[in-house]
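**Student:** Before anything else, here's the structure in question.
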Amino acid sequence: MLALIAFWFAISAYQTRRHVGDDGAPAPAFTLLDLTGRKVSLADYRHKKVVLHFFATWCGVCKAELPSVRAVQRGLGEDEVLLAVAADSDDREALRRFAREHGLEYPILLASDDVLGAYGVDKFPTNYYVNGDGRVSSSTVGLSTLFGMKLRLFAASSD
């Protein structure tokens, strides 16, 4: 059992090796458009815990993770926010359709290559947990459970 846990931690460390914030570094600033054309900046959510959910509509694991993401969104406190960032943002209408079909009721931002690069996102889904001070608390790659997402969001406290 101990070997299995060690293996899991090793895989997680390998998958997130290019991610920012392992040392509590500030989350890279960004301003992106949402599906309505409104500009959304990470700085708009200063003093709130933020889940940044990077996904792609073609990603099967992303689709499997959606029930957990929706449940996290429904359970957010006043000092918490979920921002989804769509990597395949070329076709806004296709993204709107995807959001309707999957019951996504949270902000979906249109990714840029610069933002994906700044966060080291090259696999999906990728989740970042940012504390109220704007520092990265943790990040994950691959399917996250509801329990795991809630735990990481809880741990993203401002120090």
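The values are calculated or read from the model by the stated rules, or taken from the named source; none is laboratory data. Predicted model only: the values in this text are computed from it and were never measured. Quick reminder, even Gly has a Cβ in these numbers, built from the backbone with ideal geometry, and neighbours come from all protein chains shown. Protein only, heavy atoms only, side chains kept; ligands, DNA and RNA dropped before computing areas. Shrake-Rupley method; radii C 1.70, N 1.55, O 1.52, S 1.80 Å.
**Student:** Given a 1.4 angstrom probe, what's the average accessible area per residue across the stretch 37-91, in square angstrom?
**Tutor:** Normalised by residue count, the accessible surface of the stretch 37-91 is 47 Å².
**Student:** Here's another thing I want to ask about it. Could I have the simple spin-label model distance between Ala118 and Phe154, label points 7 Å from Cα toward Cβ, reported in nm to one decimal?
**Tutor:** 3.1
**Student:** To continue, here is another question. Could you give the length gained on full extension between Glu105 and Arg74, defined as 0.36 nm per residue of separation minus the Cα-Cα distance, in nm?
**Tutor:** Length gained, Glu105 through Arg74: 10.2 nm.
**Student:** Compute the orientation-averaged projected area for the stretch 44-117 from the convex hull of its Cα atoms and round it to one decimal in nm².
**Tutor:** 5.3
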